[in-house]
Amino acid sequence: MAGGVVELVFHYLEKGVVLVLADMLSLITVSSCLFIKVPQINTIRKAKSSKGISIVGLCLELFSYTVMLSYNYTRDYEFLSYMEYPVLLLQEYALIYWAFKYQDLLGNRTQFFSIIYVIIATLIYLKLFPIIILTFLVPFCTPIGATSKVLQLMAILRTKDASSVSRTTWVLSAFTNMTRIYTVYVQSFDKMLLTNFFISTLLSASVFVAASIYKKPKKA
């Protein structure tokens, strides 16, 4: 059995260093997504403030994650190919809750839209939601994801206060997007995806830099 394992390892390594490295980076990227938003959630909870957090940006992120997860799920794709989206979505729910809480936005309007969201999500889970609508929405996820980052950057620059913004979350975002540039380049060279990840890396890095500049020192 040990000999069989060694043989499999050598067979795998025959792919070449470039592709093996791409697989390793993909694994690191997915692993990072398991806790990428946790530092941001903890920062808001500890500060008891979500000042400098873009609410619109969070909602756009929620839309993007929901559409991508729903599309993959309704298409019956292998779970491993989109496993990061359910994890990101669960973290996004928690992040939105705490951000809304400290900006006093947990009112009737938010509750109404939450009920609508749950109804649509249930229809998708039961595969009763029209797939054609999801297919139409998928191409919009790339610009929407970029817009959410731009809005977050603008929120920091406008308030000049990043005390509620987690630099760890944004540096991880920049890193995971940067690793995807490499994996896409060597595996498919999809120019649309490369452009998307390049822009996302640049914007996430910009948010990290802005947060570092406007991060207020903790009071003694």
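A compact table of results
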quantity	calculated
Any hit, segment 174-190, residues being in contact (Cβ under 8 Å) with a residue 40 or more places away in the chain, closer than 17 Å to Lys37 by Cβ, small (Gly, Ala, Ser) and surrounded by 17 or more Cβ atoms within 10 Å (Cβ to Cβ)	no
Within segment 42-92, considering residues that are basic (Lys, Arg) and at pLDDT below 90, the one surrounded by the fewest Cβ atoms within 10 Å (Cβ to Cβ)	Arg75
Among (1) more than 15 Å from Cys59 (Cα to Cα); (2) at pLDDT below 90; (3) surrounded by fewer than 15 Cβ atoms within 10 Å (Cβ to Cβ); (4) not β-branched (Val, Ile, Thr) - the single one Arg158 does not satisfy	(2)
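The values are calculated or read from the model by the stated rules, or taken from the named source; none is laboratory data. All values reported here derive from a predicted model rather than from experimental measurement. So basically every Cβ, Gly included, is an ideal-geometry build from the backbone, and we count neighbours across all protein chains shown.
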